[in-house]
Amino acid sequence: KEVALDEGERSLVLDISHLAAWMPDYSPDPAKEKVTKTRYIDDSYEIEYVYDVPDQEDAPYLSYTLSFEPSEGDASTTYISYWGGTRIAFYAFGEVEVDVSEKNDLFRWGDESRFALLSSEGAPFGNVFVAKKGRTVVYLIVSGIYFDDAENASGLLTPYLERLETHVAEK
């Protein structure tokens, strides 16, 4: 069921205001943001953020999900599902052919992670990042902007991952 975010959880979420720092000509519309927290029957929960402006072709798309699983095994399953599901979705449902090229040398985090560059017809347009640390899984997909160097990828993700580590350690 959908529940309210706990105090401090909103600060864990990478959102359009942070992403827009890399897009000097873009002014985000906060009305296009959606943040939800869903608690499941096994007491796991997921915080999902989506920024989507489908009627604006030059607008970025951002989806950032944090999954808090009851066990490391469940987290591993979620990690594998996010990565595999992304690849399948681009292949099966995409209107254009999308190449998902792993660039793990650009960014790594946690027990396991994958960082990829998304491109179509040879032109990069976004990134996918999925990582697992303990019982927590992080999933990012972004389009309309891409990160193809380690400094910028780290600049985008590290502040949020550090907050997440602190949050998990305090729980």
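The values are calculated or read from the model by the stated rules, or taken from the named source; none is laboratory data. Predicted model, so just to flag it, every value in this text is computed and none were measured. Using ideal geometry, Cβ is built from the backbone for each residue, glycine included, and neighbour counts are taken over all protein chains shown. Side chains are part of the model used for accessible areas, which takes the heavy atoms of the whole protein and leaves out ligands, DNA and RNA. Shrake-Rupley method; radii C 1.70, N 1.55, O 1.52, S 1.80 Å.
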**Prompt:** When the range 132-142 is examined, which residues are found to be under 26 Å from ALA59 (Cβ atoms) and either at pLDDT below 95 or of a type in the set (A, V, I, L, M) (or both)?
**Reply:** VAL138, LEU140, ILE141, VAL142
**Message:** If I ask for residues that are out of contact with any helix residue (DSSP H, G or I) (no Cβ under 9 Å at 6 or more places or on another chain) and either open to solvent by 70 Å² or more (accessible area, probe 1.4 Å) or of a type outside the set (Ser, Thr, Tyr) (or both), which ones from the range 69-80 would you list?
**Reply:** PRO70, GLU72, GLY73, ASP74, ALA75, THR77, ILE80
**Message:** I need the full set of residues from the range 3-37 which are under 19 Å from the mean Cα position of the chain (by Cα) and either of a type in the set (A, V, I, L, M, F, W, C) or at positive phi (or both), in order please.
**Reply:** LEU5, GLY8, LEU12, VAL13, LEU14, ILE16, LEU19, ALA20, ALA21, TRP22, MET23, VAL35
**Message:** Could you tell me how many of the residues in the range 119-131 are within 20 Å of GLN56 (Cα to Cα) and surrounded by fewer than 23 Cβ atoms within 10 Å (Cβ to Cβ)?
**Reply:** 6
**Fill in**
Of the listed residues (ASP43, ASP6), the one being touching a Pro at 6+ places or on another chain (Cβ under 7 Å) and modelled with pLDDT under 95 is ASP43
**Item:** Matching residues, the range 150-171, being over 22 Å from ILE80 (Cα atoms), surrounded by 15 or more Cβ atoms within 10 Å (Cβ to Cβ) and among the aliphatic types (A, V, I, L, M)
**Value:** LEU156
**Message:** Is it the case, given these coordinates, that TYR40 is surrounded by 12 or more Cβ atoms within 10 Å (Cβ to Cβ) and either over 22 Å from GLY134 (Cβ atoms) or under 16 Å from the mean Cα position of the chain (by Cα) (or both)?
**Reply:** no
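Here are PHE115, PHE147: which of them is surrounded by 20 or more Cβ atoms within 10 Å (Cβ to Cβ) and farther than 30 Å from ASP43 by Cα?
Exactly one of PHE115, PHE147 is surrounded by 20 or more Cβ atoms within 10 Å (Cβ to Cβ) and farther than 30 Å from ASP43 by Cα, namely PHE147.
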**Message:** As an exercise: evaluate ASP52 against (1) touching a residue at least 24 places away in the same chain (Cβ under 8 Å); (2) within 25 Å of ASP148 (Cβ to Cβ) and give the number of the one condition it does not meet.
**Reply:** (1)
**Prompt:** Which of the residues that make up the range 1-35 are under 17 Å from LEU164 (Cα atoms) and either open to solvent by less than 50 Å² (accessible area, probe 1.4 Å) or assigned to a helix (DSSP H, G or I) (or both)?
**Reply:** GLY8, GLU9, ARG10, SER11, LEU12, VAL13, LEU14, ASP15, HIS18, VAL35
